[in-house]
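Reading through the structure tokens given below for one structure.
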């Protein structure tokens, strides 16, 4: 006897629907590159997943249709720059699906968030391609020419917003002179925030991780700014820059690799937030969500073990 | 302030509600099959032979196990067979049963109970009547009532469970609506037996008619009728106690240890029959429900086949899925040619559907918030699947009440509770084996110790003997010397006197 609530496939689809708003905003600012990356990612995810399922001698159609591979691909594709060469997303997705998920036994058995594993892999391997974002809206033909290496993209791109901030801060420039409120990033974050609120309302994700995550970011950013307010980003900027909202509602909440107990989820989310700010501030990479999530994935068994809820009569 | 709540659980409405809850009397079955194995304890031994004529209510099988109750003929007629037959159990195994062919007369054996004026009887007499009449928990657990009652010495509160354990089942609702007087009298008997100061009849707030009719017949100040929010698993004894009294029975403990006794409302009515008239339990009310028919509640003789009462409904003639017990904790069955027994509270007849295929667990943890015990089903599933008994016990598997709330909400349609009952059996087996190993080891160690001790004792004894011998010898030597001295002295004296004389 089962409830008539959402099943696993429907949950995956709902998460994909919730991403639509953020992706649309992203499209408005960066153009067709965003869509091309997603299509490339999803296609390669389905191909790679089918091949490895065949190698493992599993039912291909049942597993493909659960939507988890597509979701991983979309999350990775929207995390990488819209004008990255086509092979970046293909390699990243293949790594995520093969090493991040299937080698552990497929859906439900992976200790790490596959999309973030793919992202970290790409960031380490191809730092240049992973940090160059378009500075303007690109039409379909422009975007496809750039992505498929037919056009030199020098004139169309710049460093990521967070990278920019960091470089300027390290050069000793005053924060106030910088155009900090990068409009595009703020709007994209709002898009993902609304998508996240939709997931909360549909009870597809629990509030614990996103809230603790954002709280972790704010508290850590405040702590750092107490000591050095001139050299570092204020808390409110941390919230609307980079992949904060995507991370809070769509990445840290991946149920498979996250903590599962109510208390554990609070600890898990909070520490990811703290790590994100630390990596953004002191790390070599502009964005810290992938590394923060992966680091905390490792601690999940420990957190879960020590945060077991009280059992009736014990 | 009590909020009549416990954690977890799910609000599930009756999937097939009916306008008016009536009790239909099923016609006398032409034959009955009565299993000798009861829910708990050893198999009863038949005290009739094939060909014997039996009366309704006559004891046909007895057991010496004080835990068990005798088995009564549920119709009058002739014993037609004593052999192995399919019984309604999740194992799907056969077990020894007594079959009786009806003579259509339904002649009762004549017995006398305490009578309507029961207050002059002492508690042991009443408990004896309850045992002799074969009363067990009719809610589904089948725990013998007399065992529970004879433990209840220092009891302050009596709880009558009228919460109807699972959505869809209406037999207790029907009983409370139509036998409210007997229920209230039954509660008075139980108050007398247990010596409790107060009794609470717990009833879910969606059963208005039952609540009203109980209120109408209750004139006893010690009995209160308490409505509870309708939520699945509120029928579980420990959770009900928690909701009503805010007492949390410790894990592994019994309600009686905390001064509470729980009885099902149908059992209470059966206890009334047993004590007043010494009328044995030969029938029960069964809900027949599902989407293939209009649900009914039937009072039917025990041992009649499932088919016998399903035929009383307007069941359609499509292919069906059958299930006995509730929609949550029940068991899917392949055949309806099985006898109704004391714990058969409900039969589901549904149009055949495709079963959901289970997917992988995505650790979404939907299962934890609905677990009334506060377990982590998703982690237990992981450990149960890998048969890691130690981890299962670590995560309190043995506290699982198998209510199936987790299976119900699982988006991957994993039948979690099946994994848990399997792992529980595994744990029990391993614990039993470990116990045996421990005993063997203890015995071995004691033997070693005993041999060692014997050896030492013998050595000590030898040493002591040796010592004693030595001492004795030394003493003897001294004595000899003394004697020698004496002799010498005597000789000297003799010599002297001789010399003197000479």
Margin query: Among the residues of segment B:279-329, what is the count of those that are under 22 Å from residue B:415 (Cβ atoms) and out of contact with any strand residue (DSSP E or B) (no Cβ under 8 Å at 6 or more places or on another chain)?
Written below: 1
Next item on the list: Look at residue B:384 and say whether it is more than 14 Å from chain A (Cβ to nearest Cβ) and under 30 Å from residue A:105 (Cα atoms).
Entry: yes
Next item on the list: Only residues that are surrounded by fewer than 18 Cβ atoms within 10 Å (Cβ to Cβ) and either assigned to a loop (DSSP other than H, G, I, E, B) or within 14 Å of another protein chain (Cβ to nearest Cβ) (or both): list them for segment B:302-322, please.
Entry: B:311, B:312, B:314, B:315, B:316, B:317, B:318, B:319, B:321
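Can you pull out every residue in segment B:388-427 that is more than 26 Å from the chain's Cα centre (by Cα) and away from chain A (no Cβ under 12 Å)? Give the derivation first.
Here is the first cut: in segment B:388-427, the ones more than 26 Å from the chain's Cα centre (by Cα) are B:388, B:391, B:409-414.
Within segment B:388-427, B:388 is the sole residue that qualifies.
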Next item on the list: State yes or no: is residue B:49 surrounded by fewer than 16 Cβ atoms within 10 Å (Cβ to Cβ), modelled with pLDDT of 90 or more and assigned to a loop (DSSP other than H, G, I, E, B)?
Entry: yes
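Here are some residues: B:136, B:187. Which one is in contact (Cβ under 8 Å) with a residue 40 or more places away in the chain, touching a helix residue (DSSP H, G or I) at 6+ places or on another chain (Cβ under 9 Å) and over 22 Å from residue B:65 (Cβ atoms)?
Working: B:136 fails: over 22 Å from residue B:65 (Cβ atoms).
Answer to the selection: B:187.
Go through segment B:72-88 residue by residue and tally those that are in a loop (DSSP other than H, G, I, E, B), touching a residue at least 60 places away in the same chain (Cβ under 8 Å) and under 15 Å from residue B:52 (Cα atoms).
Of the residues in segment B:72-88, the ones in a loop (DSSP other than H, G, I, E, B) are B:73-76, B:87-88.
Applying the additional criterion that residues be touching a residue at least 60 places away in the same chain (Cβ under 8 Å) yields B:73-75, B:87-88.
In the following step, the residues that additionally are under 15 Å from residue B:52 (Cα atoms) were identified as B:73-75.
Of the residues in segment B:72-88, 3 are in a loop (DSSP other than H, G, I, E, B), touching a residue at least 60 places away in the same chain (Cβ under 8 Å) and under 15 Å from residue B:52 (Cα atoms).
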Check: Of (1) within 25 Å of residue B:113 (Cα to Cα); (2) in a loop (DSSP other than H, G, I, E, B); (3) at pLDDT 90 or above, residue B:169 satisfies all except one. Which?
Finding: (1)
Check: Can you pull out the residues in segment B:1-52 that are within 14 Å of chain A (Cβ to nearest Cβ) and under 29 Å from the mean Cα position of the chain (by Cα)?
Finding: B:5, B:6, B:7, B:8, B:9, B:10, B:11, B:12, B:13, B:14, B:15
Next item on the list: Go through the residues of segment B:391-408 one by one and say whether even a single one is closer than 28 Å to residue A:10 by Cα, surrounded by fewer than 17 Cβ atoms within 10 Å (Cβ to Cβ) and modelled with pLDDT of 90 or more.
Entry: yes
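Could you tell me how many of the residues in segment B:238-253 are over 21 Å from residue B:211 (Cβ atoms) and touching a strand residue (DSSP E or B) at 6+ places or on another chain (Cβ under 6 Å)? Step through it out loud before you land on a result.
Our first condition is that a residue be over 21 Å from residue B:211 (Cβ atoms); within segment B:238-253, this holds for B:238, B:242, B:246-253.
Now drop any that are not touching a strand residue (DSSP E or B) at 6+ places or on another chain (Cβ under 6 Å), which leaves none.
Matching residues across segment B:238-253 total 0.
Output the residues belonging to segment B:348-361 that are in a loop (DSSP other than H, G, I, E, B) and surrounded by fewer than 24 Cβ atoms within 10 Å (Cβ to Cβ).
Going through segment B:348-361, the residues in a loop (DSSP other than H, G, I, E, B) turn out to be B:352-361.
B:352, B:353, B:354, B:355, B:356, B:357, B:358, B:359, B:360, listed by residue number.
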Notebook entry, point to check: What is the one condition in (1) surrounded by fewer than 20 Cβ atoms within 10 Å (Cβ to Cβ); (2) more than 14 Å from every other protein chain (Cβ to nearest Cβ) that residue A:95 does not satisfy?
Noted result: (1)
Checklist line | Unique match (being surrounded by fewer than 16 Cβ atoms within 10 Å (Cβ to Cβ) and without any contact (Cβ under 8 Å) to a residue 12 or more places away in the chain) among B:91, B:95 | finding: B:91
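Quick one: which of A:280, A:265 is within 14 Å of another protein chain (Cβ to nearest Cβ) and in contact (Cβ under 8 Å) with a residue 12 or more places away in the chain?
Just one listed residue meets the conditions, A:265.
In the list A:21, A:6, A:53, which residue meets the criterion of being surrounded by 15 or more Cβ atoms within 10 Å (Cβ to Cβ) and either away from every other protein chain (no Cβ under 14 Å) or in contact with a strand residue (DSSP E or B) (Cβ under 9 Å, 6 or more places away or on another chain) (or both)? Write out each step before concluding.
On the way: A:6 fails: either away from every other protein chain (no Cβ under 14 Å) or in contact with a strand residue (DSSP E or B) (Cβ under 9 Å, 6 or more places away or on another chain) (or both); A:53 fails: either away from every other protein chain (no Cβ under 14 Å) or in contact with a strand residue (DSSP E or B) (Cβ under 9 Å, 6 or more places away or on another chain) (or both).
Result of the check over A:21, A:6, A:53: A:21.
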Next item on the list: Would you confirm whether any residue within segment A:284-304 is more than 17 Å from the chain's Cα centre (by Cα), more than 14 Å from every other protein chain (Cβ to nearest Cβ) and farther than 30 Å from residue B:367 by Cα?
Entry: yes
Check: without any contact (Cβ under 8 Å) to a residue 40 or more places away in the chain and in contact with a strand residue (DSSP E or B) (Cβ under 6 Å, 6 or more places away or on another chain): does that describe residue B:44?
Finding: yes
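Which residues, taken from segment B:334-359, are closer than 25 Å to residue B:84 by Cα and within 14 Å of chain A (Cβ to nearest Cβ)?
Let us first name the residues in segment B:334-359 that are closer than 25 Å to residue B:84 by Cα, namely B:334-347.
The answer is B:346, and nothing else.
Mind listing whichever residues of segment B:219-248 are part of a loop (DSSP other than H, G, I, E, B) and surrounded by fewer than 20 Cβ atoms within 10 Å (Cβ to Cβ)? Write out each step before concluding.
Filtering segment B:219-248 down to residues part of a loop (DSSP other than H, G, I, E, B) leaves B:219-222, B:229-231, B:233-236, B:246-248.
Answer for segment B:219-248, where residues must be part of a loop (DSSP other than H, G, I, E, B) and surrounded by fewer than 20 Cβ atoms within 10 Å (Cβ to Cβ): B:219, B:220, B:221, B:222, B:229, B:230, B:246, B:247, B:248.
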Margin query: Condition check: at pLDDT 90 or above, surrounded by 13 or more Cβ atoms within 10 Å (Cβ to Cβ) and within 30 Å of residue B:252 (Cβ to Cβ). Does residue B:440 satisfy that?
Written below: no
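The values are calculated or read from the model by the stated rules, or taken from the named source; none is laboratory data. All values reported here derive from a predicted model rather than from experimental measurement. Note that we place each Cβ from the backbone using ideal geometry, even for glycine, and neighbour counts take in every protein chain shown.
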